[in-house]
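Chemist: There's a structure below that I have some questions on.
Please treat every number below as a calculation from the coordinates, not as lab data. Just so we're clear, the structure is a prediction, and the values are computed from it rather than from any experiment.
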Amino acid sequence: MDYLKVHCFHCGGKFELYSRNMNHNDKPPICPHCLAGMNKTQWERLIDAYYTISEVNNDFRKYHQDRGESLFQVELKNHYVKPEKMVLDDQILKNLDILEDIVKHPVPNRNIEDYE
């Protein structure tokens, strides 16, 4: 059974949407926790994406059964990170340099903050 798990960033709640509720003629869903609503355009795009991924997964299963092809299943996950929380390339390089220094010159009972 395919379904979507939706995370509402307004209240932090999560809820599921099942295929029986995925129709372009339906009103966009609202969060059952805080009643925040999704706009119509994004709802229609979500429906299209849902059915595309669902169809690809069905084809994977069908081709596996009918043709003996390797079996795959696709699961789309997303983890949102606020832009201000993103680590920039310079920070990544700095952290790698710090880790390299720790590996080359380990000091017992020392925290990474001691190297900054």
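Chemist: Return the long-range amide H neighbours of Gly13 (sequence gap of 5 or more, or a different chain), with a cut-off of under 5 Å between placed amide H atoms.
Modeler: Close amide H contacts, sequence-distant or interchain: Cys8.
Chemist: Moving on to the next point. What does the convex hull of the alpha-carbon atoms of the stretch 9-66 project to on average, in nm²? The partial results should precede the final answer.
Modeler: On the way: hull surface 19.4 nm².
Over every viewing direction, the Cα hull of the stretch 9-66 projects on average to 4.8 nm².
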